[in-house]
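First the structure, in the form of structure tokens, and then the observations on it.
The values are calculated or read from the model by the stated rules, or taken from the named source; none is laboratory data. All figures in this text were calculated on a predicted structure; none of them were measured in a lab. A quick note on method: Cβ atoms are made from the backbone with ideal geometry, for glycine too, and the neighbour counts reach across all protein chains shown. For accessibility, only protein heavy atoms count, side chains too; no ligands or nucleic acids. Shrake-Rupley method; radii C 1.70, N 1.55, O 1.52, S 1.80 Å.
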Amino acid sequence: QVQLVESGGGLVQAGGSLRLSCAASGRTFSSYAMGWFRQAPGKEREFVAAINWKGTNTYYADSVKGRFTISRDNAKNTVYLQMNSLKPEDTAVYYCAARARTIVLVPAAYDYWGQGTQVTVSS
């Protein structure tokens, strides 16, 4: 069992930056692939970024590539999402998720989810 708690969301102007954190409980965190997803009002949850258990492989949605960076610190049981050059279209609730297997980009394939943190980007 893994419990996930996101933090770091907030209101920021376009062009600004935020760093999201996802703290995980459980001794097996380092064996999980981790992903960030987001959901805007009236839209389906979509993939943002993912990282493998070692932190050696990362994947990004085309819409955030070059602006967002996913990383993890297994000693701290935490995964991060550094978001730079934010745009109004990045506004959404951001969720972290864990999967006890290889990285996939489909939300339904993830086993554990956090409660989400709101990110609002004003124009």
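For the reader, a short list of remarks on this structure follows.
- Relative contact order (%) - the chain, alpha-carbon pairs under 8 angstrom, separation at least six: 36 percent
- Under Karplus coefficients 6.51, -1.76 and 1.60, residue-wise ³J(HN,Hα) of the range 103-112 in Hz, glycine/proline x: 5, 9, 9, 9, x, 5, 7, 8, 8, 10
- Sorted peptide list for 109-116, 57-64, criterion being average Cβ within 10 angstrom, highest first: 109-116, 57-64
- Restricting attention to the chain, the count of lysine pairs at 8 or more positions apart or across chains with alpha carbons under 25 Å apart stands at 5.
- Selection of trypsin sites (Lys or Arg not before Pro), the range 30-123, meeting DSSP coil and at most 11 other Cβ within 10 Å: 43, 54, 65
- With all protein chains in place and a 1.4 Å probe, the accessible surface of the chain carries 48 percent carbon and sulfur.
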